[in-house]
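The values are calculated or read from the model by the stated rules, or taken from the named source; none is laboratory data. Bear in mind the structure is a predicted one, so any value in this text is a computation, not a measurement. Neighbour counts are summed over all protein chains in view; Cβ atoms, including those assigned to glycine, are modelled from backbone coordinates with ideal geometry. Just the protein is used for accessible areas: all its heavy atoms, side chains included, with ligands, DNA and RNA removed. Shrake-Rupley method; radii C 1.70, N 1.55, O 1.52, S 1.80 Å.
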Amino acid sequence: MDKNTIWAIVLSSIVLIGFLLLDSLVFMPMRQQRQIQQMEVEQSAQEAKELAQEQFSGLILSDDSDNQIQEKEYVIQTNKVKVVFTNKGGDIVSYQLLEHLDKNTDKGVEMADNITATNRAFSLSFGNSSSPTINEVFNVKQDDKVIIFYRDFETKNTSGTLSKFRLVKRYEFKDDDYVFNLGIEVSSLDNSFTGLDINGASYSLRTPPQIGPHYDKKDRYEVRQYLSLNGNKKQHPAFVSREYDKPWEWVGVAGKYFAVLVKPSDNATMSSLVRCSSEEVEGYQNSQVIVTRNAINSSSVTQDNYYIYIGPRREKELIKYNLADKNAWGLMNVKFNQALYSSAFLSLPFVEVFLKWSLEKIYLLVKNWGVAIIVLTILIKLVLFPLNKSSAVGSLKMQELQPKMQALQEKYKNNQQKLAEETQKLYVEAGYNPASGCLPLVIQMFILFAMYSVFNNYFEFRGASFIPGWIDDLSMGESILSWEANIPLISTWTQNKLRLLPFIYLASQLLNGKITQYGGAGAGMTGQQATQMKFMMYGMPIMFFFILYNVPSGLLLYWTVSNIFQMGQQFIINKTMKQKRSEMSKNPKSIAAKNNKKLRNKK
């Protein structure tokens, strides 16, 4: 192993160790500080809640029918969901997606997670979001896919007298739809009732405390996001405790693969203020959204409707609610599909769309998503091969021009405009196009970022097996061994799993660099340029090995197959470059003339 190679490996190791130290000494304290700030926000919210409870106790009084109603659970099941209700508050305590398995529980994914005695899914609180949830036991009527909870309450008027009203919660489900309808009704029971107004609010409605599958906030490849729509989607990178005060059409909580979205039938009745809570309960962090209904200043019946989507964050399901004939509720132009995961940094959305479309068409033929990735990878490499070959051949010409370039740089070092003109003239005379070397890299960069976004969030890869017993889920990193012991730095980096695919990727990347080097890449480079080339060929793969160790196996499968196929293509490129070198050494002027002619024809 030569000196430059050793330097490249040493430098990459220093960078890696520095990154780990930086994470431990700088970023980890920053994360801890954010957690402290978040705890302070939650503490303030708790104090506000306690204050609201004191005020609330004098405003809303329950009747005494608790003695006659027993707390009980009720179940509604459709083709897609199994929902368990409690008549305490008329709330949901379990919401399983029957078509989507949670591997940790061997049951449907639980979308009403982290339920507690005072925080249930779609519970109500009188007043704003800081008020306590309604915990009284309700009367119940159930009929197939409809369940109704109702309860009579009393409110103290400004005159000190009491007036009665009835609160009704009505849930309705459809057999083959992920949306259900929640109706909330407030109606007068005597002539003295003039409405429900507690400091400008009537009631607040909350989503489930947390959505499944179980969220481990240490897993940087899983997310919880607050989503809102007002014309254009607003996606927040991390779910934190705070309030947002902007108009919205729908709001919700989403993970990588599942979402809860709340759409009122009349947004004009809703407060623009939305509260997000990431409060921890026994070490498990919530991701809950609370919306508030404006004050009701009417003695007549007030009926509000909410269309609530609880299901996969999947385009073919979410887009149904843009066309009335595609969903059971006749909803249209709701734009739930705006809840899809945002594109990766530097990824072009149309590239992602094309990649997904291509994968789906290939899957129809091969019936295995892993095989579909391999086929798509090979097709991409075949399409890009002419550009890669042209770039490699162009690098020969650039090597030949280096002495002349250096002479021009020395001659016109004080006149940049003249240097640019003479350099362009030199390129034309030599038949060299500088863009030919950059284009393949730019295209592959956009494809790589699009691939990352697709493989990290594409719903079809969730639970998709490629090789049973090894790569069982293309949306996650595979593993051949796991352990419980906490090893400093190692456990943080590996997530206590030994993975095989990253090592295969590293070997393929290093071997690919070696074959490229044999083809003459970097020939004629000395000093700093040679060191940089060695670092690119050896140091960068090692760095990416550590960075990509835990990425979804679908992405590493793409990259590894791309490297392996690239080796075969590189042999062809090496052979072509050898022939070109021979031609250039024999008759360089003839080659330049041919290149000039090609450039003129293109123009």
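Would you tally the residues in the range 399-418 being open to solvent by less than 80 Å² (accessible area, probe 1.4 Å) and either among the basic types (K, R) or in contact with a Lys or Arg (Cβ under 8 Å, 6 or more places away or on another chain) (or both)? Residues flagged as open to solvent by less than 80 Å² (accessible area, probe 1.4 Å) and either among the basic types (K, R) or in contact with a Lys or Arg (Cβ under 8 Å, 6 or more places away or on another chain) (or both) within the range 399-418 amount to 2. Within the range 205-232, the set of residues being free of Cβ contacts under 8 Å to residues at least 60 places away in the same chain and surrounded by 17 or more Cβ atoms within 10 Å (Cβ to Cβ) comprises V223, Q225, S228.
Are any residues in the range 473-482 more than 18 Å from W369 (Cα to Cα) and open to solvent by less than 70 Å² (accessible area, probe 1.4 Å), and if so, which ones? If the condition is that a residue be more than 18 Å from W369 (Cα to Cα) and open to solvent by less than 70 Å² (accessible area, probe 1.4 Å), then S479 is the only one that fits. Among residues that are more than 30 Å from S475 (Cα to Cα), open to solvent by 20 Å² or more (accessible area, probe 1.4 Å) and either without any contact (Cβ under 8 Å) to a residue 24 or more places away in the chain or among the basic types (K, R) (or both), N199 is not included.
For the range 214-241, taking the residues that are among the charged types (D, E, K, R) and part of a strand (DSSP E or B), the one that is modelled with the highest pLDDT is identified as K234. Of the residues that sit in the range 351-392 and are without any contact (Cβ under 8 Å) to a residue 24 or more places away in the chain and either among the charged types (D, E, K, R) or outside any helix (DSSP H, G or I) (or both), which one is most open to solvent (accessible area, probe 1.4 Å)? Checked the range 351-392; the qualifying residue most open to solvent (accessible area, probe 1.4 Å) is K367.
Of the residues examined, Y306 is one that is in contact with a Lys or Arg (Cβ under 9 Å, 6 or more places away or on another chain) and modelled with pLDDT of 95 or more. Here Q235, Q285 are screened, and the one residue that is surrounded by 15 or more Cβ atoms within 10 Å (Cβ to Cβ), under 28 Å from D177 (Cα atoms) and not small (G, A, S) is Q235. The residues of the range 154-170 that are touching a residue at least 60 places away in the same chain (Cβ under 8 Å) and farther than 28 Å from L182 by Cα amount to a single one, L162.
Where the second residue is part of a helix (DSSP H, G or I) and open to solvent by 10 Å² or more (accessible area, probe 1.4 Å) and the first is more than 19 Å from I480 (Cα to Cα) and lies in the range 541-553, which pairs have Cβ atoms under 6 Å and are six or more apart or on separate chains? Every condition considered, the pairs that remain are P541/L506; P541/Q509; P541/L510. Summed over the range 182-210, the residues that are over 28 Å from K320 (Cα atoms), part of a loop (DSSP other than H, G, I, E, B) and in contact with a strand residue (DSSP E or B) (Cβ under 6 Å, 6 or more places away or on another chain) give a count of 5. Determine whether the range 454-472 contains at least one residue that is at pLDDT below 90, open to solvent by 70 Å² or more (accessible area, probe 1.4 Å) and among the hydrophobic types (A, V, I, L, M, F, W, C). No, every residue in the range 454-472 fails to be at pLDDT below 90, open to solvent by 70 Å² or more (accessible area, probe 1.4 Å) and among the hydrophobic types (A, V, I, L, M, F, W, C).
For the range 99-181, the strands (runs of 3 or more DSSP E) that sit wholly inside it and include 1 or more residues that are open to solvent by 60 Å² or more (accessible area, probe 1.4 Å) and farther than 30 Å from S299 by Cβ are 107-110.
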